[in-house]
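Read the figures in this text as sums done on the coordinates, not as results from a lab. Note that the structure is predicted; figures quoted are calculated from it, not measured. In this analysis, Cβ positions are derived from the backbone assuming ideal geometry, glycine residues included, and neighbour counts consider all displayed protein chains.
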Amino acid sequence: VAEIYVGTKFRTVFVEKSPISDTNLAHRVRKLIEWARKMSALGLAPDGSGNVSARTADGFIVSKTAGNLGNLLPEDFVEVREADMEGLVLRVVGLFEPSSESLMHAGIYAARANVGAILHGHSEQILAAAPMLGIPVTAREQPYGTPKIVREALEILNLHNFFVLREHGFVALGTTIEAAGEELMRQLRRLSKVAV
Ligand SMILES: [Zn+2]
């Protein structure tokens, strides 16, 4: 059973409380919206849950907390400029608090320089099939949005571009948004072959 959403577990400091207007980011925002919709349509974002992000020159853009992956708008994206993983403070530009799972995104970008995008969703089917498909699964279940779940993820991250957070959800990575999306689709094709 999924943990009940209780909000972000870090403090958000707004460097600028305005929509991210950089035209360089507009293309990435459009791409993330596209893949978020696809995830929702495929049943990988129950009740709109999940979050998507892409690396930028100054940090990363991520969907807002409690955003609905099925109908994200450009202004629902927040740029995380700095993530203090110990003090649990995120410095952002945007109108909303970033995804409650932003610490995980920050941790992955910090650990893997070649990761440019992260798609995170929730799917009972993927969780159930992960062992059969040889998909790495974190060792222990941890509460969402906490440093503990970030540590669990980083422990198994290595060079994998797809892994499962135990009893929680999946994470797809890629050098680009398109590559992360393609990785997710590749895993779904593998899943369709073993699903009963
Ligand atoms: Zn999640």
For region 59-72, Karplus-derived ³J(HN,Hα) couplings (6.51, -1.76, 1.60; θ = phi - 60°; whole Hz; x for glycine and proline) come out as x, 7, 9, 9, 5, 5, 5, 6, x, 9, 4, x, 8, 6
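Note the full-extension length gain between R11 and M185 as 0.36 nm times their separation in residues minus their Cα-Cα distance, in nm to one decimal. Write down the numbers at each step before the final one.
Details: separation 174, 0.36 × 174 = 62.64 nm, distance 3.39 nm.
Answer, rounded to one decimal: 59.2 nm.
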When the Karplus curve 6.51 cos²θ - 1.76 cosθ + 1.60 is applied with θ = phi - 60°, which whole-Hz ³J(HN,Hα) does each residue of region 181-191 get, with x for Gly and Pro? x, 5, 4, 4, 5, 4, 5, 5, 5, 5, 4
Note: N114 to A128 extended length (0.36 nm per residue) minus current alpha-carbon separation gives 2.2 nm
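Ranked from highest to lowest mean number of other Cβ atoms within 10 Å per residue, what is the order of the peptides 174-183, 90-99? Please report the intermediate quantities before stating the final value.
Numbers: 174-183: 18.7, 90-99: 22.3.
Packing proxy ranking, top to bottom: 90-99, 174-183.
Just subtract the alpha-carbon distance of D84 and D58 from 0.36 nm times their residue separation and send over the number in nm, one decimal. Could the numbers behind the result be given before it?
Values: separation 26, 0.36 × 26 = 9.36 nm, distance 1.44 nm.
My answer for the length gained is 7.9 nm.
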Please list, in chain and number order, the residues 5+ apart from R81 or on another chain whose amide H is under 5 Å from its amide H, with Hs placed from the backbone. R91, V92, V93
Considering amide H positions built from the backbone, and no H for Pro or chain starts, which residues 5 or more places from T12, or on another chain, come under 5 Å of its amide H? L90
With θ set to phi - 60° and the Karplus curve 6.51 cos²θ - 1.76 cosθ + 1.60, what are the ³J(HN,Hα) couplings of region 124-130 in order, to the nearest whole Hz, using x for Gly and Pro? 4, 5, 5, 4, 5, 8, 3
Please list the non-local residues whose amide H lies under 5 Å from the amide H of L42, H modeled 1.01 Å from N, same-chain partners needing a gap of 5 or more. none
Taking Cα atoms of the chain, Rg/Rh with Kirkwood Rh, to two decimals? 0.93
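Antiparallel DSSP bridges in the chain: what percent, to the nearest 5? Before the final figure, lay out the partial values.
Details: 26 of 32 bridges.
Percent antiparallel among DSSP bridges in the chain is about 80.
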